[in-house]
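Notes to accompany the following structure.
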Amino acid sequence: MQVVVETLIIELSTPAFDKRPVYITGNFCKWLPDLQEFQMINVSSGKYQFQFPETMELPDPLEYKYTRGGWDQVELDRFGKPYGNRVAVKGDGIVQDTVARWQIDNSEKTDFSPIVELVSDTFEIPQFNKTRRIQVLLPHDYYERPDLSFPVLYMNDAQNLFGEGSPYGNWEIDQSLTKLAKEHKTGVIIVAIDHGGEDRILEFSPYTNPKLGKGQGELFLRFIATTLKPHIDKKYRTKPERLNTGIGGSSVGGLLSLYAALMFPQVFGKMMIFSPSLWISQRVYFDVIHFFEPFESRIYLYAGGKEGANMLPNFKKLQETLETQAFGYDRVKIKSSIDPKGKHEEKQWSQEFPLAMKWLFLE
């Protein structure tokens, strides 16, 4: 039965990050999924509209769906399942719909880079009465999978991790995450925390050093564990459990990550420890013995042979001490990596980062 309706307006809300055009299809156009005359108008960010011509004859009831240009790019429900036909009837006037997810034509997908978002330029650190820039790198398909939650890796020295980097270089973790995503190894949220410039060493060091002064590493870890982590868990879809929470860094940031394993095992279950500054205090070996708890954990250790005369001897002593403490506890996994030619620099840590990510989170 064909009827004439005065007008029917369809309004659609959907996540704004997807820039593909939206089409409406249905029993009014033989279910063809990409007809130009049925492309919806993008009226604002994430908002689309289509008005059927007043003179157009429409089925009653009208059945329809949304696509991004083909049946391989059709709307899905919030669980990623096919969505049933929608129905509009004569006299509805304005119909308002929402689409939470879309099928992706992965054969044509080219951008696997992480989504970089600014959490705050002035995130308050109450433990220091300071503020700091905090950014996140979300999986490339974070907004395409609203039903999923993700593990989190907190990383220090954000200025050196991605983007333009710093005068010292760049880990290029955004590029590593892109490559991992292309290998279908993705699904971790990175929280990148800026360091404090001149205060960096003292903020990260958990120890007092005669030349450097009193370390504030424990306070900095308390900031991450009790202030920043609750905020991230509330704002993003995270897996907040300790086995899905990691911390990573290099140099004195690596030492801080080691200390997180010793002093905050109830919060952090995965540690990425690159070239730790073990020279700051010999107490670290005592702390490994005294504080180590056999919680289920994964610890990735890395050092280079060209980082100074003391790096590898100290590193091997740390490795042996950790392995001794973990002996008999199968739930504690420790992986050590040594590059005899490795230098103390961002370029080296950039090469090690994807290897550590795979072992810590993606295996």
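When region 53-106 is filtered for residues that are among the hydrophobic types (A, V, I, L, M, F, W, C), modelled with pLDDT of 90 or more and part of a loop (DSSP other than H, G, I, E, B), only V99 remains. When L301 is tested against (1) in a strand (DSSP E or B); (2) over 24 Å from Y207 (Cα atoms); (3) among the hydrophobic types (A, V, I, L, M, F, W, C), exactly one condition is not met: (2). Evaluating F223 against the criteria (1) surrounded by fewer than 17 Cβ atoms within 10 Å (Cβ to Cβ); (2) modelled with pLDDT of 95 or more leaves one unmet condition, (1).
Candidates E307, E296: the one that is under 15 Å from K270 (Cβ atoms), at pLDDT 85 or above and acidic (D, E) is E296. Does at least one position in region 276-293 carry a residue that is part of a strand (DSSP E or B) and out of contact with any Cys (no Cβ under 9 Å at 6 or more places or on another chain)? Checking region 276-293: not a single residue is part of a strand (DSSP E or B) and out of contact with any Cys (no Cβ under 9 Å at 6 or more places or on another chain).
From the set of residues in region 193-205 that are out of contact with any Phe, Trp or Tyr (no Cβ under 6 Å at 6 or more places or on another chain) and buried (at least 24 other Cβ atoms within 10 Å of the Cβ), which is modelled with the highest pLDDT? Quick ask: steps written out before the conclusion?
Filtering region 193-205 down to residues out of contact with any Phe, Trp or Tyr (no Cβ under 6 Å at 6 or more places or on another chain) leaves 193-202, 204-205.
Right, trim to buried (at least 24 other Cβ atoms within 10 Å of the Cβ) and you get 193, 204-205.
Values: I193: 98, F204: 95, S205: 93.
Once the filter is applied, the top-ranked residue is I193.
The set of residues from region 244-269 being touching a residue at least 60 places away in the same chain (Cβ under 8 Å), part of a helix (DSSP H, G or I) and hydrophobic (A, V, I, L, M, F, W, C) comprises L256, L258.
Select from region 141-190 the residues that are closer than 19 Å to E346 by Cβ and β-branched (V, I, T) and list them in ascending order. Explain how you work it out, then say what you get.
Narrowing region 141-190 to residues closer than 19 Å to E346 by Cβ: 153-180, 190.
The answer is I173, T178, I190.
Consider A326 carefully, then state whether it is small (G, A, S), at pLDDT below 90 and either over 28 Å from the mean Cα position of the chain (by Cα) or closer than 25 Å to L153 by Cα (or both). The answer is yes for A326.
Restricting region 329-363 to residues that are among the charged types (D, E, K, R) and farther than 18 Å from Q175 by Cβ leaves a set whose member that is farthest from the chain's Cα centre (by Cα) is K341. Quick check: is even one residue across region 131-140 surrounded by 15 or more Cβ atoms within 10 Å (Cβ to Cβ), basic (K, R), modelled with pLDDT of 85 or more and farther than 29 Å from F50 by Cβ? Checking region 131-140: at least one residue is surrounded by 15 or more Cβ atoms within 10 Å (Cβ to Cβ), basic (K, R), modelled with pLDDT of 85 or more and farther than 29 Å from F50 by Cβ. If the condition is being aliphatic (A, V, I, L, M) and either within 22 Å of H290 (Cβ to Cβ) or part of a helix (DSSP H, G or I) (or both), then region 316-352 contributes L318, L322, A326, V332, I334.
The values are calculated or read from the model by the stated rules, or taken from the named source; none is laboratory data. Just so we're clear, the structure is a prediction, and the values are computed from it rather than from any experiment. No Cβ is skipped: glycine too gets one built from the backbone with ideal geometry, and neighbour counts run over all protein chains shown.
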